[in-house]
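What follows is a set of notes on a single structure, which appears directly below.
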Amino acid sequence: MNLGQLLPFLLIAVLIVPMVLMSRKQKRAMQQQQELQNSIEVGDKVMTTSGLYGYVANTSDDATVDIEIADGIVTTWLRAAIREKVSDDVVEETVEDDEAVAEVEETPANDKAEKTVATETPKSTAEVAPPLEQTKKS
């Protein structure tokens, strides 16, 4: 077999092999997502695709899940919007970090330079465009 006859087979292999590998990876990811959605139970702590944390309050519907985001506040989400189950440790670390930042901001600084850095907010240079004049056609 010469190189001229082998070239089309090599080109096809170069195109088909990555497509097959990507499709297998995609199928595996879809299967894992489906398993997650089927394993959600009342009381599980979950995170949505938009980053909202909450506890599952109701799973009676096949397409949606009710999530309690605060005491007495329950919202309805599509099951597909559940990104992952999370442990309480992840949320507690975030809260502790926020509390540490609040403590740093509340403590008085020893010199003026540190104080201005802690309390100063960046100024925006954005400007609002003037409204366009609209003329009526008669």
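Quick look at the values:
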| quantity | calculated |
| --- | --- |
| Which of D66, D71, D61 has the fewest Cβ neighbours within 10 Å, and the rest in rising order | D71, D61, D66 |
| Distance (nanometres) between label positions extended 7 Å along Cα→Cβ at E127 and R83 | 3.8 nm |
| Net charge, V56 excluded, C-beta distance under 10 Å - Lys, Arg +1, Asp, Glu -1 | -2 |
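Laboratory data are not the source of any read-out in this text; all were calculated from the coordinates shown. What you are looking at is a predicted structure, and each value in this text was computed from that prediction instead of being measured. When we count neighbours, we look across all protein chains shown, and the Cβ atoms used for this are built from the backbone with ideal geometry, even at glycine.
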